[in-house]
Amino acid sequence: MKNHYQILIVGGGNAGISVAAQLLLKDPNLDIGILEPSDKHYYQPAWTLVGGGQFNVADTVREQSDVMPDNVEWIRKYADTFTPEKNTVITRDQIAFTYDYLVVSPGIQLRWEWVEGLQETLGKNNVCSNYSFDQCTYTWDVVKDFNGGTALFTSPGTPVKCGGAPQKIMYLASDIFNRKGVLKNTNVEFCNAGKVIFGVKKYAKTLQKVVDNYGIKANHRHDLIKIDGPNKKATFKVTDSEGKTSEVVKDFDLIHVTPPQSAPEFIIHSPLADEKGWIDVNKYTMQHKRYNNIFGLGDATNTPNAKTGAAVRKQAPVVVQNLLALMNNLPLPAQYNGYGSCPLVTGIGKLILAEFDYEGQPAESFPFDQSQERFSMYMLKKNVLPWMYWNKILKGTA
Ligand SMILES: Cc1cc2nc3c(=O)[nH]c(=O)nc-3n(C[C@H](O)[C@H](O)[C@H](O)COP(=O)(O)OP(=O)(O)OC[C@H]3O[C@@H](n4cnc5c(N)ncnc54)[C@H](O)[C@@H]3O)c2cc1C
């Protein structure tokens, strides 16, 4: 294995593989290395459907070796330390790699440990989460066997990947409870650290109707801080409109937890981070604000868009065009407009396709009102997008 690459990429997830594949389509002679420790590659957006019993978990994972573009060198190691002044990344096992240009895309870190008692009880006592490959099938186990009672669905106060996912599983579960005839004996509550159901008004209006139709109680400003699995109690920090906080304990029969999330620990402690720990990039060009030969994209950056694969799809070509321009000493030509998308599953066979930009303005792809629940958009999520991911996005052609 060599120790210097023209372009070094940290993280071979959705973003890293997309960028590598697109770069090589533009110039097959580029010398690219990808630091990626995982031997598996996941299609995470389908975990929502797995938890609702509508998708096979085995179809959400492939061997990392199968998605690595040809002509890329896969370095199966964890990046650990950055010395940007020396164009160097040091791995966890203390190997130094140097580069001419660096692309950083290591995703987001799940912080199960920030909720007291969660790690001990996750996957037991009807405490489930779609936020991990290992856990999302347990969500389906508990949803399908649920016979009524209190079902809580939480959404934390930190940034999360796919901000809609905490409620998508709530709607799917409510639909399934309804079909089984147990919804009428069930108290479904959305315990959300945020202040509103959804940040973009156009979609929030329809979602409020969905919430009302299922009879869901929305508890905003409720942040999960503790779980006692065996006794089925969840503690929330509640902040009132004046900023005063108190604690509320709720009994549950089922709880779906969206864990708090942060930038990866090794990024937080690196010179690439902003004051909150995220990779500090220009939100239009995706170039690092202090190191010209570094670009960042995906969930780990501080760009204020919805952290989604849909955003990555629009960021990757911007990074590729700007990086190639920089290599040729040209001005950076491409700009990202903050596009993000959230396919909000509202039940089996129903979906609102929210698409919006940095300003929270709808940026829709189809010539119809996407704030309406549609079967066609559900099929897009269930069948078309997974196919596109494996066959087009990871190949750099979409
Ligand atoms: C339940 C759920 C539902 C979702 N639903 C949707 C949806 O409907 N639509 C949508 O667009 N998006 C959705 N997403 C979000 C989407 O999956 C992410 O936004 C997307 O994967 C981000 O890409 P990324 O490359 O930044 O991160 P990832 O794809 O997570 O990849 C990060 C990679 O970095 C690697 N890495 C980590 N640490 C290191 C290190 N130290 N050194 C080197 N490599 C490292 C990891 O192994 C991983 O391969 C969902 C996510 C979840 C969990």
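For region 261-274, take each phi angle, set θ = phi - 60°, evaluate the Karplus expression 6.51 cos²θ - 1.76 cosθ + 1.60, and give the result in whole Hz per residue in order, putting x for glycine and proline.
9, 8, 4, x, 3, 6, 7, 3, 8, 10, x, 7, 7, 8
Give me the net charge of TYR131's neighbourhood, meaning all other residues with Cβ under 11 Å from the Cβ of TYR131; Lys, Arg count +1, Asp, Glu -1.
+1
With +1 on each Lys and Arg Cβ and -1 on each Asp and Glu Cβ, how big is the dipole of region 120-253 about its Cα centre, in debye rounded to the nearest 20?
520
For region 170-184, what does the Karplus curve 6.51 cos²θ - 1.76 cosθ + 1.60, with θ = phi - 60°, yield as ³J(HN,Hα) per residue in whole Hz, taken in order and with x for Gly and Pro?
5, 6, 4, 4, 4, 4, 5, 4, 5, 4, 7, x, 9, 4, 5
Which one, PHE236, ILE255, HIS220, projects farthest toward the positive side of the charge dipole computed for region 209-307 from Cβ point charges (K/R +1, D/E -1)?
The Cα lying farthest towards the positive end belongs to HIS220.
Once you charge only the Cβ atoms, +1 for Lys and Arg and -1 for Asp and Glu, what is the size of the charge dipole of the chain about its Cα centre, to the nearest 20 debye?
940
Out of the trypsin sites (Lys or Arg not before Pro) in region 1-82, which ones are loop residues according to DSSP with at most 15 other C-beta atoms within 10 Å? Let's see the in-between values first.
Numbers: sites: LYS2, LYS26, LYS40, ARG62, ARG76, LYS77; in loops: LYS2, ARG76, LYS77.
In loop regions of region 1-82 (DSSP not H, G, I, E or B), the sparsely surrounded trypsin sites (Lys or Arg not before Pro) are LYS2, ARG76.
Could you list which residues have their amide H under 5 Å from that of ASN187, counting only those 5 or more apart in sequence or on another chain, with H placed in the peptide plane?
Answer set, sorted by chain and number: GLY149, THR150, ALA151.
Please compute the length gained on full extension between ARG62 and GLN372, using 0.36 nm multiplied by the number of residues separating them and subtracting their Cα-Cα distance.
Contour length minus Cα-Cα distance gives 108.2 nm.
If you plug each phi of region 30-42 into the Karplus form 6.51 cos²θ - 1.76 cosθ + 1.60 with θ = phi - 60°, what whole-Hz ³J(HN,Hα) values come out, in order, with x for Gly and Pro?
5, 9, 10, x, 10, 7, 8, x, 7, 8, 10, 10, 10
Which one of LEU351, ASN14, VAL318 is farthest out on the positive end of the charge dipole of the chain, using unit charges on Cβ (Lys, Arg +1; Asp, Glu -1) and the Cα centre as origin?
Ranked along the dipole, the leading option is LEU351.
Mind ranking 365-375, 386-396 by how tightly packed they are, going by the mean number of other C-beta atoms within 10 angstrom, highest first? Write out the running numbers ahead of the final one.
On the way: 365-375: 14.2, 386-396: 17.1.
Ranking the peptides 365-375, 386-396 by packing returns 386-396, 365-375.
Using alpha carbon centroids, what distance separates region 282-303 and region 88-149, in Å?
Cα centroid to Cα centroid, the span is 24 Å.
Can you work out the PRE-style zone for LYS124? Point 7 Å along Cα to Cβ, and I want the residues of region 221-251 with backbone N under 13 Å.
Under 13 Å, as judged by backbone N against the label point of LYS124, lie 228-232 of region 221-251.
Residues with amide H under 5 Å of TRP74's amide H, sequence separation 5 or more or different chain, H placed in the peptide plane at 1.01 Å from N; which?
Sorted by chain and number, the residues that satisfy this are ILE34.
Mind sorting SER38, SER132, SER155, SER241 by how few other Cβ atoms lie within 10 Å of their own Cβ, fewest first?
Ranking SER38, SER132, SER155, SER241 by Cβ neighbours within 10 Å, fewest first, gives SER241, SER38, SER132, SER155.
For the chain, what does the helix formula give at 222 nm: sum of -39500 (n - 2.57) over DSSP H segments with n ≥ 4, over the residue count, nearest 500 deg cm²/dmol? Show your work: numbers first, answer last.
Details: 11 runs with 97 residues, N = 398.
Calculated mean residue ellipticity at 222 nm is -7000 deg cm²/dmol.
Build a GNM of the chain with springs between Cα atoms under 10 Å: which of ASN29, ASN293, ASN178 gets the top mean-square fluctuation?
Top of the fluctuation ranking is ASN29.
For the chain, give me the percentage of DSSP beta bridges that are antiparallel, rounded to the nearest 5 percent. Walk me through the intermediate numbers first.
Values: 37 of 73 bridges.
Here the antiparallel bridges make up roughly 50 percent for the chain.
What is the calculated FRET efficiency for LYS184 to HIS220, with r their C-beta to C-beta distance and R₀ = 25 Å, to the nearest 0.05?
Efficiency at R0 = 25 Å is approximately 0.50.
Grab the beta carbon distance between LYS233 and LYS40, set R0 = 51 Å, and tell me the FRET efficiency rounded to 0.05.
Working: r = 35 Å, r/R0 = 0.68.
Working from the Cβ atoms, E equals 0.90.
Could you state the number of Å between the C-alpha centres of region 224-267 and region 47-83?
29
Can you give the net charge of the other residues whose Cβ lies under 12 Å from the Cβ of LYS307, counting K and R as +1 and D and E as -1? Display every interim value, and only then the final one.
Details: positive: LYS161; negative: ASP299.
Every neighbour counted, the sum reads 0.
Once you list every other residue whose beta carbon is under 15 Å from the beta carbon of MET327, what net charge do they have if Lys and Arg are +1 and Asp and Glu are -1? The partial results should precede the final answer.
Details: positive: LYS26; negative: ASP27, ASP31, ASP100.
Here the charged neighbours net out to -2.
Could you line up MET1, MET327 from fewest to most neighbouring Cβ atoms inside 10 Å?
MET1, MET327
Can you tell me the mean projection area, over all orientations, of the convex hull of region 120-253's alpha carbons? Units nm², please.
Projected area, direction-averaged: 8.3 nm².
Every number in this text was worked out from the coordinates using simple rules, so none of it is lab data. This one's a predicted model, so the numbers in the text were calculated from it and none came from an experiment. Cβ: placed from backbone, ideal geometry, glycine included. Neighbour counts: every protein chain shown.
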